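What follows is a set of notes on a single structure, which appears directly below.
The values are calculated or read from the model by the stated rules, or taken from the named source; none is laboratory data. These figures come from a predicted structure and were not determined experimentally. We place every Cβ from the backbone using ideal geometry, glycine too, and count neighbours over all the protein chains shown.
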């Protein structure tokens, strides 16, 4: 089948701009969405003023992050008034937590997409292509955060430097810390199988990536929900790949077995430091 040129793609599917806010986990989701949009035939642009469809991947973790997300939506809404932007979509944690409030208070939004529906972003964008003006219907794409779309993680457009990439090894968290809303926005912990993660790292090194940063809401508890394959076992497999450096971002103090410390200390591919949030030591918190 003849591939479409940029000109042809522009004619069939409009330009889309994606603004990512928040943490590295959000960034991986944005990279997945970029690939989904690209494969569907949309033209990606980093210039907000050129985009006919704008997507904001929001953060809802702390007050300042929530306000940044809201302010960004309002600013992009001004582009809708100017006429170039026809559709404004919000995705991410803020939409999962405040779905009703966002649609009520931000009339510039055309759709909100939850934390486990982002992989449908191309389909969602296509629903607006034939809708014009007053005939446009606002929509919500939300579900309980229980799914894990493992197959999408390796296929993404990297937004990091070419030599390194984030690798999300699990989604959600089973902890109930008094200061944290993550389980409510991202759901219970769902770990990816070790072979899938190894496959992703192999794909990344094949693209020239030399360093991977392992990320999760609760990295240290990786694999406990599967009943098998903990972080130690995952690292033992990853050091066999062609990657040069492995970083762990970040680690709860429990569970952190001695064998994991020994592996980090002895394995040259694993960076010899531990990024640990000390607030999790306090039982009251």
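Of the residues making up the range 268-275, not a single one is in contact (Cβ under 8 Å) with a residue 40 or more places away in the chain and either farther than 30 Å from residue 91 by Cα or surrounded by 17 or more Cβ atoms within 10 Å (Cβ to Cβ) (or both). Each residue in the range 106-136 was checked for being at pLDDT below 90 and out of contact with any strand residue (DSSP E or B) (no Cβ under 7 Å at 6 or more places or on another chain), and 10 pass. Among the residues of the range 44-60, those that are in a strand (DSSP E or B) and crowded, with 22+ Cβ neighbours inside 10 Å comprise 53, 54, 55, 56, 57, 58. Quick check, is residue 92 in the same structural domain as residue 22 (by TED's automatic domain parsing), in contact (Cβ under 8 Å) with a residue 12 or more places away in the chain and at positive phi? Criteria met by residue 92. Note on the range 79-122: residues that are within 28 Å of residue 155 (Cβ to Cβ) and part of a helix (DSSP H, G or I) amount to 11. Given the structure, is residue 162 part of a loop (DSSP other than H, G, I, E, B), without any contact (Cβ under 8 Å) to a residue 60 or more places away in the chain, under 15 Å from residue 28 (Cα atoms) and more than 15 Å from the chain's Cα centre (by Cα)? In short, yes.
Taking the conditions (1) modelled with pLDDT of 95 or more; (2) more than 26 Å from residue 189 (Cα to Cα); (3) in contact with a strand residue (DSSP E or B) (Cβ under 7 Å, 6 or more places away or on another chain); (4) crowded, with 17+ Cβ neighbours inside 10 Å in turn, residue 70 satisfies each one other than (3). Just one of the numbered conditions (1) in contact with a helix residue (DSSP H, G or I) (Cβ under 7 Å, 6 or more places away or on another chain); (2) farther than 24 Å from residue 93 by Cα; (3) assigned to a loop (DSSP other than H, G, I, E, B) is not true of residue 222: (2).
Just to be sure before I move on: is residue 274 part of a loop (DSSP other than H, G, I, E, B) and within 24 Å of the chain's Cα centre (by Cα) in the structure I sent? Yes; evaluated as a whole, the condition is true for this residue. Across the range 183-202, the qualifying residues are those that are closer than 15 Å to residue 240 by Cβ and out of contact with any helix residue (DSSP H, G or I) (no Cβ under 8 Å at 6 or more places or on another chain), and the one among them that is surrounded by the most Cβ atoms within 10 Å (Cβ to Cβ) is 200.
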